[in-house]
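Undergrad: Structure in C-alpha coordinates, see below.
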Amino acid sequence: MNLKVLFTYLRNSPFGGRLSSAQVSGVEAILSECQRQGVDNVAFIAYILATAFHETGGKMAGVTEGLSYSSASRIRATWPKHFATTKDAAPYVRKPQKLAEYVYGVRKAKELGNLTPLDGWRFIGRGLVQITGRKNYARYGIADKPESANEIDVASHILVDGMLRGVFTGGVHKLAAFVDEAGSFDPYEARRIVNGTDKAQLIATYY
(Lines give C-alpha, C1' and ligand atoms only; values in the text may rest on other atoms or scores of the structure.)
Protein backbone atom coordinates (compact mmCIF):
# COMPACT_ATOMS: atom_id res chain seq x y z
CA MET A 1 0.00 0.00 0.00
CA ASN A 2 1.37 3.41 -0.99
CA LEU A 3 0.92 5.42 2.22
CA LYS A 4 1.78 8.73 0.57
CA VAL A 5 -1.07 8.31 -1.89
CA LEU A 6 -3.41 7.03 0.83
CA PHE A 7 -2.81 10.00 3.11
CA THR A 8 -3.20 12.43 0.22
CA TYR A 9 -6.70 11.08 -0.40
CA LEU A 10 -7.57 10.86 3.30
CA ARG A 11 -6.48 14.43 3.87
CA ASN A 12 -8.94 15.63 1.25
CA SER A 13 -11.80 13.41 2.36
CA PRO A 14 -13.07 12.70 4.92
CA PHE A 15 -10.59 14.76 6.97
CA GLY A 16 -11.46 18.09 5.40
CA GLY A 17 -8.09 19.23 4.07
CA ARG A 18 -5.65 18.47 6.88
CA LEU A 19 -4.41 15.70 9.12
CA SER A 20 -2.83 16.15 12.53
CA SER A 21 0.13 14.05 13.62
CA ALA A 22 -2.19 12.23 16.04
CA GLN A 23 -4.61 11.36 13.23
CA VAL A 24 -1.76 10.08 11.08
CA SER A 25 -0.45 7.97 13.97
CA GLY A 26 -3.91 6.55 14.54
CA VAL A 27 -4.36 5.56 10.91
CA GLU A 28 -0.89 4.02 10.84
CA ALA A 29 -1.62 2.02 14.00
CA ILE A 30 -4.82 0.63 12.48
CA LEU A 31 -3.05 -0.28 9.24
CA SER A 32 -0.28 -2.01 11.19
CA GLU A 33 -2.84 -3.97 13.17
CA CYS A 34 -4.59 -5.01 9.97
CA GLN A 35 -1.27 -6.31 8.70
CA ARG A 36 -0.58 -8.18 11.96
CA GLN A 37 -3.96 -9.87 11.78
CA GLY A 38 -3.62 -10.73 8.11
CA VAL A 39 -6.29 -8.36 6.83
CA ASP A 40 -5.31 -7.63 3.24
CA ASN A 41 -8.74 -7.08 1.71
CA VAL A 42 -8.73 -3.40 0.77
CA ALA A 43 -12.50 -3.13 1.28
CA PHE A 44 -12.16 -4.47 4.82
CA ILE A 45 -9.36 -2.05 5.62
CA ALA A 46 -11.34 0.88 4.21
CA TYR A 47 -14.40 -0.05 6.27
CA ILE A 48 -12.35 -0.49 9.45
CA LEU A 49 -10.90 2.99 8.94
CA ALA A 50 -14.36 4.42 8.18
CA THR A 51 -15.71 2.90 11.39
CA ALA A 52 -12.87 4.35 13.45
CA PHE A 53 -13.40 7.75 11.85
CA HIS A 54 -17.07 7.74 12.79
CA GLU A 55 -16.71 6.30 16.29
CA THR A 56 -13.97 8.77 17.29
CA GLY A 57 -15.40 11.84 15.59
CA GLY A 58 -12.43 11.88 13.23
CA LYS A 59 -9.79 11.83 15.97
CA MET A 60 -8.52 8.35 15.06
CA ALA A 61 -7.51 7.94 18.70
CA GLY A 62 -9.08 6.18 21.65
CA VAL A 63 -11.93 8.20 23.16
CA THR A 64 -14.10 7.75 26.24
CA GLU A 65 -17.87 7.80 25.90
CA GLY A 66 -19.42 11.11 26.90
CA LEU A 67 -22.35 10.65 29.25
CA SER A 68 -22.79 14.17 30.56
CA TYR A 69 -26.13 15.13 29.02
CA SER A 70 -27.53 18.63 29.40
CA SER A 71 -31.20 17.67 29.15
CA ALA A 72 -33.52 14.88 30.21
CA SER A 73 -35.08 14.77 26.75
CA ARG A 74 -31.70 13.97 25.20
CA ILE A 75 -31.12 11.17 27.68
CA ARG A 76 -34.54 9.71 26.96
CA ALA A 77 -33.96 9.96 23.21
CA THR A 78 -30.73 8.00 23.60
CA TRP A 79 -32.18 5.33 25.89
CA PRO A 80 -35.96 5.28 25.24
CA LYS A 81 -36.30 1.74 26.61
CA HIS A 82 -34.66 2.73 29.89
CA PHE A 83 -36.59 5.94 30.58
CA ALA A 84 -40.34 5.98 30.09
CA THR A 85 -40.63 9.75 30.57
CA THR A 86 -38.36 12.80 30.66
CA LYS A 87 -39.17 13.03 34.35
CA ASP A 88 -37.57 9.61 34.84
CA ALA A 89 -34.44 10.83 33.07
CA ALA A 90 -34.17 14.17 34.88
CA PRO A 91 -32.11 12.92 37.88
CA TYR A 92 -29.33 11.86 35.48
CA VAL A 93 -28.79 15.22 33.75
CA ARG A 94 -25.08 16.18 33.95
CA LYS A 95 -24.40 13.16 36.15
CA PRO A 96 -22.41 10.83 33.88
CA GLN A 97 -21.39 8.31 36.55
CA LYS A 98 -24.91 7.97 37.89
CA LEU A 99 -26.22 7.52 34.36
CA ALA A 100 -23.58 4.90 33.48
CA GLU A 101 -24.26 2.97 36.67
CA TYR A 102 -27.95 2.83 35.81
CA VAL A 103 -27.99 2.15 32.07
CA TYR A 104 -24.95 -0.14 32.00
CA GLY A 105 -24.64 -1.35 35.57
CA VAL A 106 -28.32 -2.06 36.24
CA ARG A 107 -30.41 -2.15 33.06
CA LYS A 108 -27.81 -3.88 30.84
CA ALA A 109 -25.71 -5.54 33.54
CA LYS A 110 -26.32 -9.14 32.47
CA GLU A 111 -25.80 -8.42 28.79
CA LEU A 112 -22.50 -6.64 29.46
CA GLY A 113 -21.27 -8.94 32.21
CA ASN A 114 -21.24 -6.17 34.79
CA LEU A 115 -21.33 -7.38 38.39
CA THR A 116 -22.25 -4.18 40.20
CA PRO A 117 -23.67 -0.77 39.26
CA LEU A 118 -20.15 0.67 39.63
CA ASP A 119 -19.03 -1.59 36.78
CA GLY A 120 -21.37 0.39 34.56
CA TRP A 121 -19.13 3.43 35.11
CA ARG A 122 -15.81 1.62 35.19
CA PHE A 123 -16.46 -0.17 31.90
CA ILE A 124 -18.09 2.59 29.85
CA GLY A 125 -17.38 2.89 26.15
CA ARG A 126 -13.74 3.47 25.25
CA GLY A 127 -11.34 3.05 22.38
CA LEU A 128 -11.72 3.31 18.63
CA VAL A 129 -15.02 1.41 18.67
CA GLN A 130 -16.46 2.11 22.14
CA ILE A 131 -15.95 -1.29 23.77
CA THR A 132 -18.36 -1.48 26.72
CA GLY A 133 -18.95 -3.77 29.72
CA ARG A 134 -16.84 -5.99 31.97
CA LYS A 135 -17.33 -9.01 29.69
CA ASN A 136 -15.85 -7.26 26.68
CA TYR A 137 -12.97 -5.72 28.61
CA ALA A 138 -12.17 -9.12 30.11
CA ARG A 139 -12.25 -10.72 26.66
CA TYR A 140 -9.29 -8.54 25.74
CA GLY A 141 -7.50 -8.97 29.06
CA ILE A 142 -7.90 -5.39 30.25
CA ALA A 143 -10.60 -5.67 32.92
CA ASP A 144 -8.01 -4.75 35.55
CA LYS A 145 -6.93 -1.68 33.59
CA PRO A 146 -9.94 -0.46 31.61
CA GLU A 147 -8.34 2.89 30.76
CA SER A 148 -5.87 1.03 28.53
CA ALA A 149 -8.69 0.56 26.02
CA ASN A 150 -7.82 4.09 24.85
CA GLU A 151 -4.16 3.27 24.16
CA ILE A 152 -3.81 3.27 20.41
CA ASP A 153 -2.17 -0.16 20.10
CA VAL A 154 -4.77 -1.78 22.36
CA ALA A 155 -7.62 0.14 20.71
CA SER A 156 -6.44 -0.86 17.23
CA HIS A 157 -6.22 -4.51 18.21
CA ILE A 158 -9.76 -4.49 19.64
CA LEU A 159 -11.15 -2.65 16.60
CA VAL A 160 -9.64 -4.96 13.99
CA ASP A 161 -10.12 -8.21 15.92
CA GLY A 162 -13.68 -7.33 16.87
CA MET A 163 -14.73 -6.51 13.32
CA LEU A 164 -12.87 -9.42 11.78
CA ARG A 165 -14.27 -12.07 14.15
CA GLY A 166 -17.65 -10.51 14.92
CA VAL A 167 -16.82 -10.12 18.61
CA PHE A 168 -19.20 -7.19 19.10
CA THR A 169 -22.20 -9.32 18.13
CA GLY A 170 -21.20 -12.64 19.63
CA GLY A 171 -19.80 -13.87 16.32
CA VAL A 172 -22.99 -13.14 14.38
CA HIS A 173 -21.76 -10.26 12.22
CA LYS A 174 -18.20 -10.16 10.92
CA LEU A 175 -16.53 -8.49 7.94
CA ALA A 176 -16.49 -11.57 5.73
CA ALA A 177 -20.27 -11.95 6.08
CA PHE A 178 -20.84 -8.81 4.01
CA VAL A 179 -19.07 -9.97 0.86
CA ASP A 180 -21.36 -11.43 -1.79
CA GLU A 181 -20.62 -14.27 -4.20
CA ALA A 182 -19.21 -11.83 -6.73
CA GLY A 183 -16.76 -10.50 -4.16
CA SER A 184 -18.49 -7.15 -3.61
CA PHE A 185 -18.50 -5.69 -0.10
CA ASP A 186 -21.67 -4.08 1.30
CA PRO A 187 -20.61 -1.05 3.42
CA TYR A 188 -24.19 -0.27 4.46
CA GLU A 189 -25.12 -3.64 5.93
CA ALA A 190 -21.64 -4.02 7.42
CA ARG A 191 -22.61 -1.49 10.08
CA ARG A 192 -24.31 -4.42 11.81
CA ILE A 193 -20.84 -5.52 12.93
CA VAL A 194 -20.89 -2.72 15.49
CA ASN A 195 -24.32 -1.13 15.95
CA GLY A 196 -27.23 -2.31 13.84
CA THR A 197 -27.79 0.14 11.00
CA ASP A 198 -27.26 3.26 13.11
CA LYS A 199 -25.55 5.86 10.87
CA ALA A 200 -24.96 3.10 8.32
CA GLN A 201 -25.29 5.34 5.27
CA LEU A 202 -22.99 7.99 6.73
CA ILE A 203 -20.26 5.46 7.46
CA ALA A 204 -20.73 3.94 4.01
CA THR A 205 -19.99 7.41 2.64
CA TYR A 206 -16.74 7.57 4.63
CA TYR A 207 -15.91 4.12 3.31
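Undergrad: Using helices alone, I'd like the mean residue ellipticity at 222 nm for the chain: each DSSP H run of four-plus residues gives -39500 (n - 2.57), total over residue count, nearest 500.
TA: -13000 deg cm²/dmol
Undergrad: Also: Could you give the spread of the C-alpha atoms of the chain along their three principal axes, from largest to smallest, in whole angstroms?
TA: For the chain, the Cα extents along the three principal axes come out at 53, 34, 34 Å.
Undergrad: Sticking with this one: How much FRET efficiency would the formula 1/(1 + (r/R0)^6) give for Ala84 and Val24, where r is the Cβ-Cβ distance and R0 is 41 Å, rounded to 0.05?
TA: Computed FRET efficiency for Ala84 and Val24 comes out at 0.35.
Undergrad: Related question: Please quote Rg/Rh for the stretch 88-196 to two decimal places, taking the Kirkwood radius as Rh and restricting both calculations to Cα atoms.
TA: 1.05
Undergrad: Please get the size of the charge dipole for the stretch 22-163, origin at its Cα centre, with Cβ charges of +1 on Lys and Arg and -1 on Asp and Glu, quoted in debye to the nearest 20.
TA: Here the size comes out at about 880 debye.
Undergrad: Something else now. As I understand it, the value is the acute angle between the Cα axis of helix 42-55 and the longest principal axis of the Cα atoms of the chain; what does it come to in degrees, rounded to 10?
TA: Rounded to the nearest ten degrees, it is 30.
Undergrad: In nm, to one decimal, how far is the Thr8 label point from the Gln201 one, both placed 7 Å along Cα→Cβ?
TA: 3.3 nm
Undergrad: Okay, next question. Each label point is 7 Å from the Cα along the Cα-to-Cβ direction; what then is the distance between the points at Ala177 and Val106, in nm?
TA: 3.2 nm
Undergrad: Now, a different point. How long is the gain from Tyr188 to Gln35 if the chain were fully straight, where each residue apart is worth 0.36 nm and the alpha carbon distance is subtracted?
TA: This chain segment gains 52.7 nm when fully extended.
Undergrad: What accessible area per residue comes out for the chain, rounded to a whole number of Å², with a 1.4 Å probe?
TA: Result: 52 Å² per residue.
Undergrad: Among the listed pairs Lys81/Lys135; Lys59/Lys81; Lys95/Lys174; Lys4/Lys199; Lys4/Lys145, which have their C-alpha atoms separated by more than 27 angstrom in this model?
TA: Lys59/Lys81; Lys95/Lys174; Lys4/Lys199; Lys4/Lys145
Undergrad: Among His173, Tyr47, Ala149, flag the residue with its Cα farthest along the positive direction of the charge dipole of the chain, charges on Cβ as +1 for Lys/Arg and -1 for Asp/Glu.
TA: Projecting each Cα onto the dipole axis, the largest value belongs to Ala149.
Undergrad: Can I ask one more? Roughly to the nearest percent, how much of the accessible area of the stretch 9-150 is carbon and sulfur, given a 1.4 Å probe?
TA: Answer for the stretch 9-150 is 50 percent, counting heavy atoms of protein chains only.
Undergrad: Now, a different point. For Ser71, what accessible surface area do you get with a 1.4 Å probe? Give it in Å², rounded to 10.
TA: In the full protein context, Ser71 sits at about 40 Å².
Undergrad: Here's something else I'd like to know. Bin all alpha-carbon pair distances of the stretch 35-124 at 10 Å intervals from 0 and give each bin's fraction as a whole percent.
TA: It works out to 16, 33, 29, 17, 5, 0, in whole percents.
Undergrad: Could you name the aspartates and glutamates in cross-link range of Lys108, using Cα to Cα under 18 Å and dropping any fewer than eight places away on the same chain?
TA: Glu65, Asp88, Asp119
Undergrad: Could you give the longest part of the chain that holds none of the trypsin sites (Lys or Arg not before Pro) found in DSSP loops with at most 13 neighbouring Cβ atoms within 10 Å?
TA: 95-207
The values are calculated or read from the model by the stated rules, or taken from the named source; none is laboratory data. A quick note: this is a predicted structure, and the numbers were derived from the prediction, not measured. Virtual Cβ from ideal backbone geometry, glycine too; neighbours counted across all protein chains shown. Side chains included, ligands, DNA and RNA excluded: accessible areas come from the protein's heavy atoms. Shrake-Rupley method; radii C 1.70, N 1.55, O 1.52, S 1.80 Å.
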